[in-house]
Amino acid sequence: MVQELIPLQLDQTGKLAERWLKFAGVSEKSAQTYLVVIRQLLKYFHDNNITAPRREDLENWRDNLINDRKSASTVSLYLTGAKLFFRWLEQDGIYKNIADNLKSRVKISHEHKKDFLSRDQSKQLLNFAKGKGTLKDLRDRAIIALMLTAGLRTIEICRADVKDIRTIDGATFLFVQGKGRSEKAE
């Protein structure tokens, strides 16, 4: 039987958040992000003397995030973390799921958010990367060319290694570990 809106003490809930993260089985990076989310939620509860949170407290927290001009992506991420946390609390019989079907009330744009480099800007960047022709300059130019032509992110370049370059049926491929992936792929 799920306990109905008992006081959640902050020191106790901090331990619950750690237990939840172990249960969730998410990547280390996601766990760090969700821990920040839960800490922000608990700080909100603490700052507003909320010891037995109700759904309207979560709605007020959400509205507070929006009023603080958090991006739509941030608001959505925070609410997802809170929903997952309260769903787990209910599954473990610790606390009622007060976040079920909580809506973010923000719209995330799925359009590209950053401008790309123009052809001239790309040429200027590559020319600048020529440097004095040292081995380091050649490496840097190759990295920039790879990022420009393949659209690789910085982290994908950092994770790339010479052994990730493979020839398959006469074509050369670079296997990269993309964003949110745990393995490298072409």
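The values are calculated or read from the model by the stated rules, or taken from the named source; none is laboratory data. Note that the structure is predicted; figures quoted are calculated from it, not measured. Backbone-built Cβ (ideal geometry, glycine too); neighbour counts: all protein chains shown. The area values use the complete protein model at the heavy-atom level, side chains included, leaving out ligands, DNA and RNA. Shrake-Rupley method; radii C 1.70, N 1.55, O 1.52, S 1.80 Å.
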Q: Please find, within segment 142-164, the residue that is nearest to the chain's Cα centre (by Cα) out of those that are among the acidic types (Asp, Glu) and assigned to a helix (DSSP H, G or I).
A: 156
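Hey, any hits in segment 36-48 for a residue that's open to solvent by less than 40 Å² (accessible area, probe 1.4 Å), outside any helix (DSSP H, G or I) and not polar (S, T, N, Q)?
Looking through segment 36-48, none of the residues is open to solvent by less than 40 Å² (accessible area, probe 1.4 Å), outside any helix (DSSP H, G or I) and not polar (S, T, N, Q).
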Q: Please indicate, with yes or no, whether at least one residue in segment 52-64 is at pLDDT below 90 and open to solvent by less than 60 Å² (accessible area, probe 1.4 Å).
A: yes
(Q) For segment 13-42, give me the residue count where each residue is at pLDDT 85 or above and over 17 Å from residue 77 (Cα atoms). (A) 0
Q) Within segment 179-186, can one find any residue that is at pLDDT 85 or above and either surrounded by 13 or more Cβ atoms within 10 Å (Cβ to Cβ) or in a loop (DSSP other than H, G, I, E, B) (or both)? A) no
Q. Name the pairs whose Cβ atoms lie under 7 Å apart, with the first residue in segment 32-46 and under 12 Å from residue 82 (Cβ atoms), the second among the aromatic types (Phe, Trp, Tyr), and 6 or more positions between them or separate chains?
A. 37/78; 38/85; 40/78; 41/61; 44/61
Q. In this structure, does residue 100 turn out to be loosely packed, with under 12 Cβ neighbours inside 10 Å and within 21 Å of residue 24 (Cβ to Cβ)?
A. yes
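Yes/no per residue for (1) closer than 30 Å to residue 29 by Cα; (2) at pLDDT below 85:
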| residue | (1), (2) |
| --- | --- |
| 122 | no, no |
| 126 | no, no |
| 129 | no, yes |
| 133 | no, yes |
| 140 | yes, no |
| 155 | yes, yes |
| 162 | yes, no |
| 166 | yes, no |
| 171 | no, no |
